[in-house]
Amino acid sequence: MIPIIIAAAGRGTRMKELSENIPKHLIRVTGKPFLYYLLKHIQVANLRPIILVIGHLSEAFEKFVQEYKEEFISLQIVNQYTVVGREKYGSLMPLLAARSLIGEQPFLMVNGDHLYSVRDLSFFTQNNGEYNYVAAIQVDEPSKFGTLVTDIDGFLMRIDEKVPNPVTNLINAGLYRFTPDIWTAAGNVQLSPRGEYEITDAITALAQNKKVKIVPLRDYWLDFGRPEDMALAQNIIANNFK
């Protein structure tokens, strides 16, 4: 078994009125909260335990866990605000909030508003334990995402966050496998120009020592962040969930 952290503490402002009173992760798609489908594939991929890091509108997540506790028995929640406070914000904070539950073992981490296939999740459990891994996928408009700059051997060199003219269309798909090396790198992260603590800064620090490899996703990927993503989510769910 290998544990997985699901980052679900953010506000999801790009979802506009759909996420005014409910976390975007819990917006219903085809009858169930979006997060339900991510959890189903995580469970089928045999990832245990599942650590859900919450923050914004935490009561809604607590109700979700109660509703589905019989189906996802290894699911546990950590409130980011309780563990690391509200003062520091950014994609690094869910990682730090879950540290005491992970310890010194390899683990996966994923964004709670993304969706992946069982095959891609399972592949990340089988990688060489010497390296850290970042899921990658090619897109038509990479400037909207963090792009992955690699060397000829497939090692990550750096992550460029939403630059106007990216040098590649290979983007960060928000699925990681980390070794315990991530904790030292995370501890050295400084406030970014965006005023946040970025997990990508910790990954770039590891990349400078050739400790990060890229793994292209083989199936689909969905970033559930905008109202127009509802139709995409419905299509993926209809074709990949029974």
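Below are the figures for this structure:
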read-out: Top-ranked residue in the range 100-149 [being among the hydroxyl-bearing types (S, T, Y) and touching a Ser or Thr at 6+ places or on another chain (Cβ under 8 Å); ranked as nearest to F241 (Cα to Cα)]; value: T147
read-out: Qualifying residue in the range 108-116 (condition: charged (D, E, K, R), over 18 Å from the mean Cα position of the chain (by Cα) and part of a loop (DSSP other than H, G, I, E, B)); value: no
read-out: Any hit, the range 200-208, residues being farther than 26 Å from D120 by Cα, among the hydrophobic types (A, V, I, L, M, F, W, C) and free of Cβ contacts under 8 Å to residues at least 60 places away in the same chain; value: no
read-out: Qualifying residue in the range 125-142 (condition: part of a helix (DSSP H, G or I), more than 22 Å from L39 (Cβ to Cβ), over 15 Å from the mean Cα position of the chain (by Cα) and not basic (K, R)); value: yes
read-out: Residue match in the range 146-160 (condition: closer than 18 Å to D113 by Cα and at pLDDT below 95); value: yes
read-out: Filtered residue count, the range 164-181, keeping only those that are over 19 Å from the mean Cα position of the chain (by Cα) and either in a strand (DSSP E or B) or hydroxyl-bearing (S, T, Y) (or both); value: 1
read-out: Selection within the range 217-242 - surrounded by 12 or more Cβ atoms within 10 Å (Cβ to Cβ) and either outside any loop (DSSP other than H, G, I, E, B) or on the phi > 0 side of the Ramachandran plot (or both); value: W221, L222, D223, D229, M230, L232, A233, Q234, N235, I236, I237, N240
read-out: Number of the condition not met by V83 [criteria: (1) farther than 18 Å from S117 by Cα; (2) outside any helix (DSSP H, G or I)]; value: (2)
read-out: Residues (of a type in the set (A, V, I, L, M), in a strand (DSSP E or B) and over 19 Å from the mean Cα position of the chain (by Cα)) located in the range 150-163; value: M157
read-out: Search result, residues across the range 30-63 that are more than 19 Å from the chain's Cα centre (by Cα) and not in a loop (DSSP other than H, G, I, E, B); value: K32, E59, A60, E62, K63
read-out: Set V110, V29, V44: member being in contact (Cβ under 8 Å) with a residue 60 or more places away in the chain, among the aliphatic types (A, V, I, L, M) and farther than 30 Å from N132 by Cα; value: V29
read-out: Candidate set from the range 122-166 (those that are hydrophobic (A, V, I, L, M, F, W, C) and without any contact (Cβ under 8 Å) to a residue 24 or more places away in the chain); member that is surrounded by the fewest Cβ atoms within 10 Å (Cβ to Cβ); value: I152
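The values are calculated or read from the model by the stated rules, or taken from the named source; none is laboratory data. The shown structure was predicted, so the numbers you read here are calculated from the model rather than taken from an experiment. Counting neighbours? That spans all protein chains shown, and the Cβs are built from the backbone with ideal geometry, glycine included.
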